[in-house]
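Participant: There's a structure below that I have some questions on.
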Amino acid sequence: MTERGISRREFAKSAVAIGGTAALAACLDRGSGTIPEGTDDPASLPDRQHAWDASLATDDAGNHRLSRHHVLLLLDYTEDGMPSDSDREQVEAALRDLERAYEWSNEGLLFTLGYSPAYFDRFDADVAGVDLPEPMALAPFEDPELDTPDALLHLASDDERVVIEAEEALKGNRDSANDQDMSATFEGVFREAERRTGFVGAGLPAENQDVDGIPDSEPVPDEAPLFMGFKSGFKENQASEDRVTVDSGPFAGGATQHLSKIRLQLQQWYEQDSRGQRVSKMFCPAHAAEDKVEGVGENLGTDNGAGECPDDVVDSGRRKGVVGHAQKMSRVREDGTPTILRRDFDSTDGGEAGLHFLSLQRSIADFVATKQAMNGTDVANESAVGQQVNNGILQYMTVTRRGNYLLPPRSLRSLPPANPDA
Ligand code: HEM
């Protein structure tokens, strides 16, 4: 505890994790550089809310680099019945204000607003053309809480000032965003059910490693973009935005979104496992034997190389006693590419090391199939590999929450009906 009675961990929290006007004031004081302004021509922005890739920075190898700071707001619509036109207009006006205030880019603001099965329940019709199931447990060994807010807002920027300020402006705690007046807010329409935050990118995990789940020896390398010490999201191992886009029906141009909250326990990962074991479990034993991964994995370029891991995972598990995460996941590729687009990031919410696993896919079924491959139940049943031990990275993570959402195309993002064509 510090003199002021705040625990050291609480004190070390990042501004985005704390949020609110005080954190914003501190950030604005120490922040430097102008934030690029947006546009008042909505037609110049992509139809897809999830069209972020073209507006993200790229790394030296050409991989898209996800924005560094993230806020997730789980929101409830304040009305139980059908959304009114005035509420729709208010939400749309507030979102357009953000687009006017900040450039649609990693330096400005990227965001999506999605809706849950609980939201669509208020309509008589089913969601048109998209299967949007209620979230559920997806492994015999997990028991997550199932999220049922009406909506999920995802704010992302390389600049922590932007995500905090945009949030405060939407909540009506601030009259302007990037020095431009807000004409509308979410006040009276959306109520916050829960706030989650996070970060991804070199330096941030090391800076934020003073949390439960990470040993006190501060083992997270400075250059690691994620707590587990490896780079993720190589270009060749991500679905394209086209692949995850709903391609027919009134929600064409949209996507489905899955969000899970994962608690990380990295004591053994860093204090007992060797570098070779970590590479074996994250990628595959062959990558460890051939020293394929240097440091956090920058040397892999644009491809994790899992295509070269033995693809008979059960046989590989029998021979090596361990199977890799990427090795298992590469079993569900379609035409050589995964079917989900991962936009996950680390978190210190609740003082615990965690990861908000956020993925986009055309259908939630694509996510479920991918997650089933990760469970590796077949390998556990047919080899000495355990259900969680030596089974990729399952031993180090616990899924505590799951939620499913539909990201409508931009034109339907403000309180959409279940069947816009009806
Ligand atoms: C603690 C959580 C996780 C961490 C740290 C993590 C990390 C990684 C890393 C380092 C790779 C290899 C590099 C790359 O291709 O990006 C990878 C690949 C992958 N991961 Fe994860 N992952 C996690 C959870 C998940 C979950 C929950 C899923 C989905 C159910 C998932 C799906 C995938 C897929 C589809 C690939 C690419 C497989 C391929 O190459 O075909 N990951 N992950």
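The values are calculated or read from the model by the stated rules, or taken from the named source; none is laboratory data. All figures in this text were calculated on a predicted structure; none of them were measured in a lab. Cβ: placed from backbone, ideal geometry, glycine included. Neighbour counts: every protein chain shown. Quick note on the areas: whole protein, heavy atoms, side chains included, nothing else; ligands and nucleic acids left out. Shrake-Rupley method; radii C 1.70, N 1.55, O 1.52, S 1.80 Å.
Participant: Which whole-number percent of Cα pairs in segment 83-162 have a distance greater than 14 Å? Please report the intermediate quantities before stating the final value.
Facilitator: Working: 2330 of 3160 pairs.
Percent of Cα pairs beyond 14 Å in segment 83-162: 74.
Participant: What cysteines in the chain have no other cysteine with a beta carbon less than 4.7 Å from their beta carbon?
Facilitator: CYS27, each lacking another Cys Cβ under 4.7 Å.
Participant: Right, something else. Report ³J(HN,Hα) in whole Hz for each residue of segment 390-404, in order, from the Karplus equation J = 6.51 cos²θ - 1.76 cosθ + 1.60 where θ = phi - 60°; Gly and Pro get x.
Facilitator: Here the 3J(HN,Hα) series is 6, 9, x, 10, 4, 5, 9, 9, 10, 7, 9, 8, 9, x, 10 Hz.
Participant: If R0 is 41 Å, what FRET efficiency do you get for ARG275 and ASP131 from their C-beta distance, rounded to 0.05?
Facilitator: Working from the Cβ atoms, E equals 0.45.
Participant: Still on this structure, please answer the following. Given the options PRO225, PRO117, PRO83, which has the most mean-square fluctuation in a GNM of the chain, springs set between C-alpha atoms less than 10 angstrom apart?
Facilitator: PRO83
Participant: Also: Can you tell me the dipole magnitude for the chain around its Cα centre, using point charges on the Cβ only (Lys, Arg +1; Asp, Glu -1), in Debye to the nearest 20?
Facilitator: I would put it at about 1140 debye.
Participant: Further, regarding this structure: Please calculate the 1.4 Å probe accessible area of GLU207, with all protein chains present, and give it to the nearest 10 Å².
Facilitator: 140 Å²
Participant: Then there is this: Around ARG30, under 11 Å between beta carbons, what's the net of Lys plus Arg minus Asp minus Glu among the other residues?
Facilitator: -1
Participant: What does the convex hull of the alpha-carbon atoms of segment 120-251 project to on average, in nm²?
Facilitator: 12.9 nm²
Participant: Then there's this: Expressed as a whole percentage, what fraction of the accessible surface of segment 263-323 belongs to carbon and sulfur atoms when a 1.4 Å probe is rolled over the protein heavy atoms? Can you show the working numbers first?
Facilitator: Values: 1200 of 2970 Å².
C and S fraction of accessible area: 40 percent.
Participant: A follow-up question, please. How large, in percent, is the carbon and sulfur part of the accessible surface of segment 152-247 at a probe radius of 1.4 Å?
Facilitator: 38 percent
Participant: How large is the helix-only mean residue ellipticity at 222 nm for the chain, computed as the sum of -39500 (n - 2.57) over DSSP H runs with n ≥ 4, divided by its residue count, in deg cm²/dmol to the nearest 500?
Facilitator: So the helix-based figure for the chain works out to -6500 deg cm²/dmol.
Participant: Work out, step by step, the length gained on full extension between ASP121 and GLU218: first 0.36 nm times the residue separation, then minus their alpha carbon distance; give nm to one decimal.
Facilitator: Taking ASP121 through GLU218 to full extension adds about 30.3 nm, to one decimal.
Participant: Oh, and also: Using the Karplus curve 6.51 cos²θ - 1.76 cosθ + 1.60 with θ = phi - 60°, work out ³J(HN,Hα) for each residue of segment 324-341 in order, rounded to whole Hz, and write x for Gly and Pro.
Facilitator: Karplus-based 3J(HN,Hα) across segment 324-341 equals x, 4, 4, 4, 5, 5, 6, 5, 9, 5, 10, 6, x, 9, x, 9, 10, 10 Hz.
Participant: Further question: Take the cross-link list LYS281/LYS320; LYS13/LYS281; LYS235/LYS281; LYS328/LYS371; LYS231/LYS281 and give me the ones stretching past 18 Å between alpha-carbons.
Facilitator: On the way: LYS281/LYS320 11 Å; LYS13/LYS281 30 Å; LYS235/LYS281 21 Å; LYS328/LYS371 10 Å; LYS231/LYS281 14 Å.
Among LYS281/LYS320; LYS13/LYS281; LYS235/LYS281; LYS328/LYS371; LYS231/LYS281, the Cα-Cα distance tops 18 Å for LYS13/LYS281; LYS235/LYS281.
Participant: Using alpha carbons only, how many angstrom separate the centre of segment 90-138 from the centre of segment 282-323?
Facilitator: If we compute the Cα centre of each part, the gap is 37 Å.
Participant: Once the mean 1/r over all distinct Cα pairs of the chain is inverted, what Kirkwood radius in angstroms do you read off?
Facilitator: Hydrodynamic radius (Kirkwood, Cα pairs) of the chain is 22.2 Å.
Participant: A follow-up question, please. Rounded to the nearest whole Å², what accessible area per residue is found for the chain with the 1.4 Å probe?
Facilitator: Per residue, the chain has an accessible area of 41 Å².
Participant: Of the heavy-atom accessible surface of segment 1-122 (probe 1.4 angstrom), what whole percent is carbon and sulfur?
Facilitator: On segment 1-122, the fraction of accessible area on carbon and sulfur atoms equals 46 percent.
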